[in-house]
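Coordinate-derived values only; no laboratory data. Note that the coordinates shown come from a computational prediction; the quantities given were computed from them, not determined experimentally. Heads up, the Cβs are rebuilt from the backbone with ideal geometry, glycines too, and the neighbour counts pull from every protein chain shown.
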Amino acid sequence: MPGTSGSSEHVLAGAGPDGRVAGTEATYAGCMGRRSPLLSVVAVAGLALTACSGEGDSASPPATSSAPAASTTPAGTDDGTATTAPSDDAVSETSSEPTEEPAAPEALDVEVVLEGLRLPWDVQLLPDGTALVTERGGRLLAADPTGTPAEAREVALDLPELFVGSEAGLMGLAVSPDFEQDRTIFLCHAAQPTGAAPDVRVTRWTLDEDLARATRDGVVVDGLPLTSGRHAGCRLLLLPDDTLLVGTGDAADGRNPQALDSLGGKVLALTTDGGPAEPDGSVEGADPRILTYGHRNVQGLAVQPGTDPPVVWSVEHGPSVDDEVNVLEPGGNYGWDPVPGYDESVPMTDLDAFPDAVEAVWSSGSPTRATSGAAFLRGGAWGAWEGALAVAELKGSGLTLLLVDGTEVVDELRPRELDGTYGRLRSLTVDEDGALWVTSSNGEGDVVLRVTPAG
Ligand SMILES: [Ca+2]
């Protein structure tokens with residue numbers, strides 16, 4: 001965010017609300033090769049990481065240089081920047097300030113729920129606690145998480161037109177709030193249908209009783225632009241009123257984000273049948289399904305707890321600088337316009353070109369971390385972190401917690417248990433009990449994690 005990204009970096013260097021000084025956290029970035037103990041059934045990662053302290057320093061090598069598989073698999077190409085991170089910003093120690101905030105968790109329990117996956121993209125929970133997971137390569141998995149690690153089984157999908165390439169494939173997943181009655185889920189995926197142009201689309205499916213098969217009920221929306229597979233989005237979020245939000249990518253085509261007849265580089269607001277959630281639309285002169293525009297690649301959407309009407313936050317990747325977290329304002333232009341061609345040197349929010357563009361509420365500054373999924377932490381067990389926006393990082397191979405006051409970001413920190421320990425992190429979901437579910441995105445040996453405050 002112009003004017004504040006520098007302060008955000010400064011905040012990162014300070015103490016978290018638990019008084020822990022972030023100067024130690026840079027140390028953990030140098031520990032990422034140490035994954036072997038972490039696929040145990042339950043890893044109290046704070047303990048596992050103790051062995052890392054004292055290694056490395058604030059000038060440790062760039063996070064991705066040691067991230068498992070990040071530079072040697074297609075996963076490393078995500079967003080095109082994952083293998084070229086400059087070194088981490090220097091992190092200096094500062095004294096901790098006394099705080100009157102409720103105590104933050106002293107440690108997190110990190111449970112490996114599923115392992116041996118390949119590029120899991122999204123994880124969502126069914127009402128009975130079953131975890132549904134998409135893999136970018138096209139598998140839909142169902143797992144009863146009571147086993148440790150759980151046994152995942154594949155749910156048969158009839159999806160012959162699936163396109164898998166670059167960053168695209170089977171991606172976002174949403175579960176109907178009425179699932180117990182309608183057994184409906186929504187999938188976002190890239191497609192190369194016979195005789196038609198390739199695109200990204202959202203389809204609606206019904207799961208059978210034993211979760212052996214999903215039957216396609218129809219297309220909710222198609223025609224989201226797709227080129228090589230780069231910048232394909234695609235995040236789904238169902239709001240309490242059944243509005244289906246779709247975070248889309250610009251398909252690495254500079255014309256899309258500002259084009260009001262393109263569904264690329266947007267957040268869409270749809271009915272579950274695919275019509276515009278607002279019949280008259282939100283952007284004058286635009287396709288009425290467009291809620292916001294001028295985005296680069298929206299891969300995180302989250303409803304802020306306690307807001308009604310719901311306040312939705314989005315997360316998108318920056319090019320070489322300025323990953324952004326935004327608060328969505330219907331009709332808003334978020335200021336990305338990389339033309340002519342695909343000129344990624346332009347600002348993520350170009351206030352010169354678009355003085356009314358909506359500025360980000362948080363920006364990574366430099367370097368980017370390839371921010372992806374997001375979820376607000378819920379439940380008193382999180383203490384001072386309750387209500388924080390958790391943001392997963394691919395290139396950053398960690399988790400950033402943004403502490404918020406209304407729609408302002410007031411602090412940020414990185415839980416050490418997830419800082420480099422599982423490589424690239426993709427998607428976040430908070431379940432009914434307040435546990436945070438996390439997918440990794442390393443290309444092989446990927447995991448689904450369930451993270452809870454220790455104790
Ligand atoms: Ca922007």
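Got at least one residue in the range 175-185 being surrounded by fewer than 16 Cβ atoms within 10 Å (Cβ to Cβ) and of a type in the set (Ser, Thr, Tyr)? There is no residue in the range 175-185 that is surrounded by fewer than 16 Cβ atoms within 10 Å (Cβ to Cβ) and of a type in the set (Ser, Thr, Tyr).
Among residues of the range 149-170 that are buried (at least 17 other Cβ atoms within 10 Å of the Cβ), those with a beta-carbon under 6 Å from a residue that is assigned to a loop (DSSP other than H, G, I, E, B) and of a type in the set (S, T, N, Q) at least six positions away or on a different chain give the pairs PHE163/GLN192; SER166/SER228. When ASN326 is tested against (1) under 20 Å from the mean Cα position of the chain (by Cα); (2) free of Cβ contacts under 8 Å to residues at least 40 places away in the same chain; (3) more than 10 Å from the ligand (Cβ to nearest atom), just one condition goes unmet, and that condition is (3). Once the range 343-354 is narrowed to residues that are within 11 Å of the ligand (Cβ to nearest atom) and of a type in the set (A, V, I, L, M), the residue that is surrounded by the fewest Cβ atoms within 10 Å (Cβ to Cβ) is LEU351. When VAL391, VAL404 are screened for being surrounded by 24 or more Cβ atoms within 10 Å (Cβ to Cβ) and either of a type in the set (Lys, Arg) or not in a loop (DSSP other than H, G, I, E, B) (or both), only VAL391 passes.
The condition of being more than 16 Å from the ligand (Cβ to nearest atom) and either more than 16 Å from the chain's Cα centre (by Cα) or not hydrophobic (A, V, I, L, M, F, W, C) (or both) holds for only one of ALA384, ALA357, ALA388, that being ALA384. Taking the listed residues GLN304, GLN299, the one that is within 16 Å of the ligand (Cβ to nearest atom) and more than 16 Å from ASP350 (Cβ to Cβ) is GLN299, with no other qualifying. For PRO319, the test of being crowded, with 24+ Cβ neighbours inside 10 Å, over 16 Å from VAL246 (Cα atoms) and either within 16 Å of the ligand (Cβ to nearest atom) or of a type in the set (A, V, I, L, M, F, W, C) (or both) is failed. Within the range 289-340, the residues that satisfy the criterion of being among the aliphatic types (A, V, I, L, M) and part of a loop (DSSP other than H, G, I, E, B) are VAL311, VAL321, LEU328, VAL339.
Taken over the range 284-296, the residue count meeting the criterion of being charged (D, E, K, R) and either within 16 Å of the ligand (Cβ to nearest atom) or within 18 Å of the chain's Cα centre (by Cα) (or both) is 1. As a summary of the residue check, ALA277 satisfies the conditions (1) more than 15 Å from the ligand (Cβ to nearest atom); (2) crowded, with 19+ Cβ neighbours inside 10 Å; (3) touching a residue at least 40 places away in the same chain (Cβ under 8 Å) except for the one numbered (3). For the criterion of being aromatic (Phe, Trp, Tyr) and crowded, with 24+ Cβ neighbours inside 10 Å, TRP382 fails. Every test in (1) touching a strand residue (DSSP E or B) at 6+ places or on another chain (Cβ under 6 Å); (2) over 28 Å from LEU119 (Cβ atoms); (3) not basic (Lys, Arg) is passed by LEU402 save one, and that test is (2).
Only one of the numbered conditions (1) away from the ligand (no atom under 14 Å from the Cβ); (2) surrounded by 24 or more Cβ atoms within 10 Å (Cβ to Cβ) is not met by SER366, and that is (2).
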